[in-house]
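Working notes for the structure below.
Laboratory data are not the source of any read-out in this text; all were calculated from the coordinates shown. Bear in mind the structure is a predicted one, so any value in this text is a computation, not a measurement. Glycine also receives a Cβ, built like all others from the backbone with ideal geometry; neighbour counts cover every protein chain displayed.
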Amino acid sequence: MSEEALLEIVHEDEEFVVVNKVSGMLSVPGRGPEKRDCVAERVREMYPGCPEQPSVHRLDMDTSGLLVVARNTEAHRALSIQFQKRETRKRYFALLDGEVDTDSGMIELPFRLDIDNRPYQIYDPVHGKVGITHWEKVSVEAGLTRVAFIPITGRTHQLRVHSAHERGLGVPIVGDPLYGRGTGPAQMKLHAAELGFQHPRTGDELNFSSTPLF
């Protein structure tokens with residue numbers, strides 16, 4: 001494994017590791033051998049004995065930031081339950097491709113997969129499932145808006161859809177290749193900056209943070 005391919009490990013113990021994923025890397029394997037390289041596979045290589053499916057949650061390929069990966073089945077189960085019950089604490093930072101007028105709010109938007117245009121998600125008030133996000137404007141920088149997101153639900157592409165859709169903020173994330181003006185991978189300015197949960201064995205409250213590179 002080359003030097004530039006190494007994963008940044010934020011925390012490690014016998015139960016799990018927390019990594020700082022770079023934009024452009026998959027969280028879990030995709031379809032086909034060319035999409036085998038991902039956080040889950042690299043963690044399995046680095047820590048023999050991990051479950052075959054060690055990932056507890058995922059970040060989109062173009063999203064950077066904190067990701068927890070289990071090192072045994074007991075930890076995987078305990079951590080997965082926390083995510084399913086929304087007992088974890090998550091904060092993201094994003095740079096939006098324009099200015100947002102208001103200072104903060106909550107977005108509740110029903111959306112679903114566009115089966116004719118995967119993995120694109122579309123607004124659907126009838127068949128969609130509601131995603132909920134708290135947001136707060138941090139600053140405006142040269143016509144771009146830096147915002148903090150606290151997702152209450154964990155839907156696929158939730159923050160990206162909530163940013164771009166006119167019923168959300170109406171301003172896409174900088175570099176988003178699906179909902180914005182991104183032209184390729186590893187351009188999107190969305191970072192999972194804070195992650196908190198209970199230690200799967202001790203129950204201690206743990207909090208991790210990572211500063212965005214944008």
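Annotations for the structure displayed:
- Alpha-carbon Rg with Dmax, taken over the range 1-124, Å: 16.7, 50
- Here the Karplus curve 6.51 cos²θ - 1.76 cosθ + 1.60, taken at θ = phi - 60°, turns the phi angles of the range 135-147 into couplings of 9, 8, 6, 9, 6, 10, 10, 6, x, 9, 10, 8, 10 Hz, with x standing for Gly and Pro.
- Farthest positive-ward along the range 20-113 dipole, Cα basis, beta-carbon charges - from Ala94, Thr63, Phe83: Phe83
- Per-residue HN-Hα couplings for the range 38-55 [Karplus 6.51, -1.76, 1.60; θ = phi - 60°; Hz; x = Gly/Pro]: 6, 4, 4, 5, 5, 5, 4, 5, 6, 10, x, x, 5, x, 4, 10, x, 5
- Measuring how big the chain is from its alpha-carbon positions, Rg and Dmax come out at 17.2, 50 Å.
- The range 92-190, dipole about Cα centre (Lys/Arg Cβ +1, Asp/Glu Cβ -1), debye to the nearest 20: 320 debye
- Compared with the alpha-carbon gap, the fully stretched path from Ile81 to Ser209 is longer by 43.9 nm at 0.36 nm per residue.
- Order of Phe208, Phe149 under a 10 Å beta carbon neighbour criterion, fewest first: Phe208, Phe149
- Approximate spin-label separation Glu108-Tyr120, in nm, with each point projected 7 Å along Cα-to-Cβ: 2.8 nm
- Put in line by how crowded their Cβ is, counting other Cβ atoms within 10 Å and starting with the fewest, Asp62, Asp13 read Asp13, Asp62.
- Residue exposure proxy: Cys38, Cys50, ordered by other Cβ atoms within 10 angstrom of their Cβ from fewest to most, comes out as Cys38, Cys50.
- Centroid-to-centroid separation of the range 102-176 and the range 38-75 [C-alpha atoms, Å]: 25 Å
- Rounded to the nearest 10 degrees, the angle from helix 73-84 to the longest Cα principal axis of the chain is 20 degrees.
- Anchor Lys129: lysines whose Cα lies under 22 Å away (excluding residues fewer than 8 positions away in-chain): Lys85, Lys90
- Over the chain: helical MRE at 222 nm, DSSP H runs n ≥ 4 each giving -39500 (n - 2.57), nearest 500: -3500 deg cm²/dmol
- Summarising the amide proton neighbourhood of Val10: residues at separation of 5 or more, or on other chains, whose placed amide H is nearer than 5 Å comprise Val18, Val19, Asn20.
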